[in-house]
Structures are given as C-alpha cells and as structure tokens.
Amino acid sequence: MNAAPALLAYAAGVGLVGPRVLLRSAWPHRAPALGAAVWTALMLSFTLAVALVTAQLAMPSGHLHTGLFGLLHACGLDRLADPGTLGALTTPLDGVAAPPLAAVVAPFAVLGGLAGAFLFRLARAGRLRARHRDRLDKVGVRSARLGATVLPHRTAAAWCLPGLRSRVVVSDAAVRLLTDEQLDAVLEHERAHVAGRHHLPLALADAFATVFPRLPLARHARAELAVLLEMVADDRSLRSHPYEVVATAMYEMAAARAPKGAFAVGGPTALLRMRRVLGPRRSPHPALRGSLVSFALAAPLLPLLVACPPGL
C-alpha cells in the first residue's frame with residue numbers, strides 16, 4: 001500500500017490546521033516554552049512528512065509497512081550498514097528490487113534544503129552580529145558590575161547578541177532611568193535569551209519559511225516563536241524579581257528597538273507581554289501539559305508511523 005495519500009493528509013493537517021489550533025489556544029501564553037517547542041516540532045514534522053511524500057511519489061509501488069527497517073529497506077539505506085554491500089543500491093535484496101534513485105534523492109533534497117537554509121540564516125545572522133560587536137567594542141564600555149556593555153544612547157534600551165561571543169548591551173539612558181532592581185530584571189531577561197539559545201528556533205523558522213513560503217504554518221511560526229521566546233525570557237526574570245518590577249521595566253523600555261539579529265526587552269510585543277505579566281498567572285493543567293510534552297517529543301517522528309503503521 002502506498003503511503004502518499006496518508007502522508008499528504010497528515011502534512012495538510014500539520015501545515016494548515018495545526019497553526020489555526022495553536023493560534024486559537026490560550027495555553028501557549030501560559031506555558032511559552034512548551035508553546036515554542038510545539039511550534040518547532042510541527043515544522044520538523046511537516047518537513048519529514050513532505051520528504052516521505054516525495055519518496056513515495058517517486059516509488060509509487062513501494063511498501064513501507066515493516067516499521068523503520070521497512071522504510072530504510074525501501075529506500076535502500078539498510079545496505080549502508082553492511083560494508084560489503086555499500087554502494088550496491090541497485091542490487092535486489094531478499095527478492096525486493098532497489099528503489100529508483102529519485103526515491104532516495106528526493107527526500108534528502110527536502111531535508112537538505114531546510115538544513116541548508118537554516119545554516120545560511122545562522123551564518124548571515126552571525127556576520128551581522130560580528131559587525132555589531134565590532135562597533136560595540138569601539139563605542140561601548142564594558143561594565144563588570146552589570147555584566148553588560150554600556151552604550152551611549154539617548155533612548156532607554158537593552159538587547160543581547162546571542163551565539164558565539166554573546167553580548168548583553170544596555171544604553172546609558174536605561175542605566176540612568178531604571179532603578180537597580182528594574183535594571184537587573186532587564187539584564188536577566190537578556191541573559192535568558194543568550195542562555196536559552198533562542199536564536200536557533202528563530203533561525204529554523206526563517207529557514208522553514210524560505211523552503212515553504214506560502215504555508216500557513218510557515219507564515220505564523222516565526223511571529224509566534226518571537227513572542228513566545230520573549231515570554232520565556234520574561235518568566236526567567238520573574239523568577240527572581242516581583243512582577244511589578246518586571247512590568248514597569250518593560251513599560252520604560254517599550255519604545256526601544258533592537259538591531260537586526262538581536263533580542264530586546266522592549267519592542268512591539270511589550271504591551272502584550274505586560275498584560276500577561278500583570279494578569280492572572282495560570283499554568284496549563286498537568287494532564288494537558290503532559291500531553292503537550294509528549295506530542296512535542298513525538299511529533300517530529302510521527303510521519304514515520306504514518307508511513308509505516310505498525311502491524312501492516
């Protein structure tokens with residue numbers, strides 16, 4: 001039985017229905033780290049489903065009914081485990097003819113396209129951050145007390161440059177305007193972005209939108225991840241600071257903008273996040289949280305179960 005129809009239906013559900021469900025749900029803002037994980041899992045799951053669809057369309061008579069080994073067997077990849085048969089992709093094995101070359105190349109082209117776009121995004125953002133760090137070294141002053149670079153600027157602002165040689169930057173206007181506790185809350189927010197490597201899921205979302213530009217999942221994932229990761233950093237700051245301190249600091253920094261490739265505590269999401277900080281703090285029900293964690297872990301591999309249903 002060819003699995004292409006089932007995989008296409010699964011991909012449609014993930015790429016079209018999945019984002020609608022998430023956008024209408026309240027729980028992602030209550031558990032932003034989990035929400036970000038689910039958005040990321042959906043992107044990975046959709047990509048694998050499309051890769052498997054291309055393999056099935058290139059090999060319409062293929063059978064993927066023996067689990068993961070059956071998938072590797074149908075793609076001819078199980079021969080790679082045996083050095084004696086390496087390269088013999090055109091030789092039948094156990095009476096099963098090897099798949100056409102397109103059935104092997106097509107899925108790896110899809111996966112490679114996403115991986116290549118991801119690495120390109122990381123490299124380009126890395127170059128932008130490197131140039132920004134060079135300018136900071138010339139005009140900024142490193143503060144050991146704050147653990148940040150203080151930059152002369154008339155607007156209260158703070159941002160971070162994640163990745164290798166990460167930096168936390170704060171304007172001297174913010175140092176003057178904020179209280180010590182507010183300033184520490186802002187810097188803790190930026191350190192959360194660096195420690196959590198939040199630039200990686202955003203780079204993945206950018207790459208996903210490059211490969212699948214018209215897909216609703218691609219259109220919404222980048223914007224939603226940006227908001228959720230800011231909320232994750234807010235929650236990190238709230239662990240050690242009262243919510244009034246965090247909210248007032250966000251208010252003072254709301255007009256600030258970050259350079260491209262950086263994260264800032266202010267910006268267009270500040271009002272939404274202030275309402276969340278000042279509103280009732282409700283976490284998802286433990287049963288819902290457990291289900292969502294399980295889904296986030298399993299979703300990237302669910303297309304394999306669709307293509308290779310157990311017992312068939």
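Among the residues in the stretch 241-253, are any touching a residue at least 12 places away in the same chain (Cβ under 8 Å), in a helix (DSSP H, G or I), surrounded by fewer than 21 Cβ atoms within 10 Å (Cβ to Cβ) and of a type in the set (S, T, N, Q)?
Checked against the condition, which is being touching a residue at least 12 places away in the same chain (Cβ under 8 Å), in a helix (DSSP H, G or I), surrounded by fewer than 21 Cβ atoms within 10 Å (Cβ to Cβ) and of a type in the set (S, T, N, Q), the stretch 241-253 yields at least one hit.
Assess whether G261 counts as being in contact (Cβ under 8 Å) with a residue 60 or more places away in the chain, under 15 Å from W159 (Cα atoms) and out of contact with any Leu (no Cβ under 8 Å at 6 or more places or on another chain).
Judged against the criteria, G261 is not a match.
Quickly run through the stretch 174-215 and pick out the residues that are small (G, A, S) and either surrounded by 19 or more Cβ atoms within 10 Å (Cβ to Cβ) or within 30 Å of R20 (Cβ to Cβ) (or both).
Once the filter is applied, which keeps residues that are small (G, A, S) and either surrounded by 19 or more Cβ atoms within 10 Å (Cβ to Cβ) or within 30 Å of R20 (Cβ to Cβ) (or both), the stretch 174-215 yields A174, A185, A192, G196, A203, A205, A207, A209.
For L114, are the conditions met, namely being on the phi < 0 side of the Ramachandran plot, modelled with pLDDT of 90 or more and not in a helix (DSSP H, G or I)?
In short, no.
Within the stretch 117-160, restricting attention to residues that are touching a residue at least 40 places away in the same chain (Cβ under 8 Å) and in a strand (DSSP E or B), which residue is nearest to V186 (Cα to Cα)?
So the residue we want is A158.
Looking at the stretch 26-43 only, could you name the residues that are among the aliphatic types (A, V, I, L, M), buried (at least 20 other Cβ atoms within 10 Å of the Cβ) and either free of Cβ contacts under 8 Å to residues at least 24 places away in the same chain or over 12 Å from F295 (Cβ atoms) (or both)?
Within the stretch 26-43, A31, A36, M43 qualify.
Do we have any residue at all in the stretch 276-297 that's in a loop (DSSP other than H, G, I, E, B) and surrounded by 12 or more Cβ atoms within 10 Å (Cβ to Cβ)?
Looking for residues that are in a loop (DSSP other than H, G, I, E, B) and surrounded by 12 or more Cβ atoms within 10 Å (Cβ to Cβ), one finds at least one in the stretch 276-297, hence yes.
The values are calculated or read from the model by the stated rules, or taken from the named source; none is laboratory data. Computed from a predicted structure; not experimentally measured. Note that we place each Cβ from the backbone using ideal geometry, even for glycine, and neighbour counts take in every protein chain shown.
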